[in-house]
Amino acid sequence: MTAIITFIIVFGILVIVHEFGHYYAAKKSGILVREFSVGMGPKLFAYRKNSTTYTLRLLPLGGYVRMAGAQEDDSEIQPGTMASLVLNDEQKVRKIITSSKVYDPNGIPVQISKADLVDALTIEGYENGDETAIKTYSVDHDATIVEEDGTEVQIAPRDVQLQSVSVWKRMITNFAGPFNNFILAIVCAIIAAFMMNGVVQNTNQLGEIQSGSVAAKAGLKANDKILAVNGHKTNDWNTLSLNIQKYPGKKTDFKVKSGNKVSNITLTPKTIKSSGQKYGQIGIMPVRDYSFAAKIKYGFTYSWQTTVQILHVLGKMVTGGFSINQLSGPVGIYSMTSQVSSQGILSIILFMSMLSMNLGIVNLIPIPALDGGKILLNIIEAIRRKPLPEEYENVITLIGVGILVLLMVAVTWNDIQRFFIK
């Protein structure tokens with residue numbers, strides 16, 4: 001249960017932060033955000049403010065933003081739809097009720113034959129079941145429509161749609177989601193740094209020496225530097241640790257700098273067993289920095305290291321040597337979340353930082369349907385000085401969705417085999 005709750009919270013935060021980036025950028029660019037939903041599925045609660053409807057939905061997995069004019073935003077009313085029209089003092093339609101769940105005593109029953117809520121802002125239909133004459137109603141620019149599930153959202157006239165703002169504003173809006181994930185990754189890593197007992201410095205300088213350890217018996221002291229292990233240069237802590245681990249129970253030559261003096265000593269690392277493997281250990285700890293600046297810096301360095309690892313994996317998809325085991329879908333992420341949740345809040349926060357950076361970078365891959373694909377189309381439009389024909393863009397997006405679905409199926413099945421079918 002802890003793993004499930006952790007997964008829902010982590011995944012939810014990542015997606016909501018991502019969508020809030022799109023929401024904020026769209027609002028600032030003059031694009032109407034019709035709905036900002038937390039969760040998916042059936043609506044539990046809705047609240048309208050400043051032209052946007054904020055909804056809370058049943059399934060606590062992510063959320064979404066409906067921008068006026070976006071491909072995923074469908075605002076058409078089909079001919080034959082029964083609706084109740086509520087007029088304002090100027091006899092313009094201010095509310096269109098298409099839901100059987102909502103009743104307004106002031107509503108006029110109309111069977112709609114034609115509706116243009118984008119350009120003409122008119123509705124044509126048969127009032128009160130009278131099919132002898134079609135009546136035309138003018139629709140207020142800021143009118144709302146109550147959809148089938150009872151959610152009330154604002155209509156989307158042409159001037160507030162996504163395609164009506166400049167290509168640069170659309171590009172910024174598309175980039176804002178991944179950008180928010182980058183910010184979240186850095187913030188999470190900084191929070192983790194403040195929870196740590198100092199920030200580990202990735203140098204070859206020694207910090208604490210464990211009492212009674214191999215290193216202590218050999219005379220190694222704090223602030224000494226190990227320059228090489230068996231002739232292999234060790235300029236950072238990661239390299240130093242890996243080289244010591246390679247020689248469990250074996251005599252190993254160390255080149256050590258103590259003050260201004262450089263000397264060679266021979267040690268036999270203690271043998272440690274873990275997961276069926278043997279590792280060498282001499283009992284040294286890295287230098288830790290407890291300063292405020294070091295903790296802030298850690299947020300950026302940890303995020304950068306994560307970025308390098310992600311780009312390395314993505315690069316293999318192009319250059320070769322790639323394995324599908326290097327990708328994880330929801331099943332794989334849940335399995336990793338289950339492991340991390342048992343290790344405490346610090347591990348969870350660092351895990352969230354890593355996932356957020358992953359989400360941001362993967363979303364920038366130039367595949368149609370992802371933010372990166374949309375940005376690519378924006379760049380093409382900027383170069384051509386006109387957008388691609390809508391039918392071409394729809395086909396490209398459909399192909400992108402197909403690629404993503406196939407990849408998701410493959411990754412999910414691989415995750416199931418890896419984690420549940422041993």
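Run the accessible area of region 52-170 with a 1.4 Å probe and give the carbon-and-sulfur part as a rounded percent. If you can, show how the numbers build up before the last one.
Values: 3060 of 6150 Å².
Of the solvent-accessible surface of region 52-170, carbon and sulfur hold 50 percent.
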Problem - Using θ = phi - 60° and Karplus 6.51 cos²θ - 1.76 cosθ + 1.60, couplings along region 87-97 (whole Hz; Gly, Pro as x) - result: 9, 9, 5, 8, 6, 9, 5, 10, 8, 10, 9
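Before anything else, pin down the relative contact order of region 1-139: Cα pairs under 8 Å, at least 6 apart, normalised by residue count, whole percent. Provide the component values of the computation, followed by the final result.
On the way: 254 pairs, mean separation 22.1, N = 139.
Relative contact order here is 16 percent.
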Fill in the blank from the handout: Excluding residues fewer than 8 positions from LYS101 in its own chain, the lysines with Cα under 21 Å of it are LYS43
Exercise for the section: Could you let me know the centre-to-centre spacing of region 13-72 and region 384-398, using Cα atoms, in angstrom? Expected result: 25 Å
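In deg cm²/dmol, rounded to 500, what helix-only [θ] at 222 nm does the chain give when every DSSP H run of at least 4 residues adds -39500 (n - 2.57) and the total is split over its residues? Walk me through the numbers on the way to the answer.
Values: 9 runs with 173 residues, N = 422.
It lands at -14000 deg cm²/dmol.
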Exercise for the section: For VAL139, list long-range residues whose amide hydrogen, built 1.01 Å from N in the peptide plane, is under 5 Å from its own amide hydrogen. Expected result: VAL93, THR122, ILE123
Exercise for the section: Could you pull out the pairs from LYS246/LYS278; LYS278/LYS316; LYS49/LYS92 whose alpha carbons sit more than 19 Å apart here? Expected result: LYS278/LYS316; LYS49/LYS92
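State which helices in the chain qualify, where a helix is a whole DSSP H run, it must extend 15 Å or more along its own axis by its Cα atoms, and its mean Kyte-Doolittle hydropathy must be at least 0.5. Don't skip to the answer; put the middle values down first.
Numbers: long enough: 2-29 (40 Å, 1.21); 167-195 (43 Å, 1.33); 292-319 (41 Å, 0.38); 330-341 (16 Å, 0.41); 345-363 (27 Å, 1.90); 371-384 (20 Å, 0.55); 390-419 (42 Å, 0.91).
For the chain, where a helix must reach 15 Å along its axis and average at least 0.5, the hits are 2-29, 167-195, 345-363, 371-384, 390-419.
Can you give the relative contact order of the chain as a percent, counting alpha carbon pairs under 8 Å and 6+ residues apart? It would help to have the intermediate numbers written out before the result.
Numbers: 787 pairs, mean separation 61.6, N = 422.
Over the chain, the number comes to 15 percent.
First select every other residue whose beta carbon is under 14 angstrom from the beta carbon of LYS169; then total the charges, Lys and Arg +1, Asp and Glu -1. Could you put the intermediate results ahead of the total?
Values: positive: LYS27, LYS28, ARG170, LYS374; negative: ASP159, GLU381.
So the surrounding residues net to +2.
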Handout entry: Integer Hz, Karplus 6.51/-1.76/1.60 couplings in order for region 196-212, x for Gly and Pro
Key = 7, 8, x, 9, 5, 8, 7, 10, 8, 7, 8, x, 5, 9, 5, 5, x
Exercise for the section: Per residue of region 50-61, in order, report the coupling 6.51 cos²θ - 1.76 cosθ + 1.60 (Karplus, θ = phi - 60°) as ³J(HN,Hα) in whole Hz, putting x for Gly and Pro. Expected result: 6, 6, 10, 9, 9, 10, 10, 10, 4, 7, x, 10
Practice task
Would you mind putting 69-82, 145-158, 279-292 in packing order, based on average other-beta-carbon counts within 10 Å, highest first?
Solution key: 145-158, 279-292, 69-82
Fill in the blank from the handout: Taking the reciprocal of mean 1/r across every pair of different Cα atoms in region 95-248, the Kirkwood radius in Å is 23.1 Å
Problem - Hits among aspartates and glutamates - C-alpha to C-alpha of LYS217 under 16 Å, sequence gap 8 or more where chains match - result: GLU208, ASP253
Fill in the blank from the handout: Reviewing (i) 21.3, 68; (ii) 29.5, 104; (iii) 22.6, 73, the figure for Rg and Dmax of the Cα atoms in Å actually calculated from this model sits under (ii)
Fill in the blank from the handout: Dipole check, the chain, charges on Cβ (K,R +1; D,E -1), about Cα centroid: among SER113, PRO60, ILE265 the Cα furthest to the positive pole belongs to ILE265
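The values are calculated or read from the model by the stated rules, or taken from the named source; none is laboratory data. Please read these numbers as outputs of a predicted model, since none were measured by experiment. With ideal geometry, Cβ positions are generated from the backbone for all residues, glycine too; neighbour counts draw on all protein chains shown. SASA here: full protein model, heavy atoms, side chains in, ligands and nucleic acids out. Shrake-Rupley method; radii C 1.70, N 1.55, O 1.52, S 1.80 Å.
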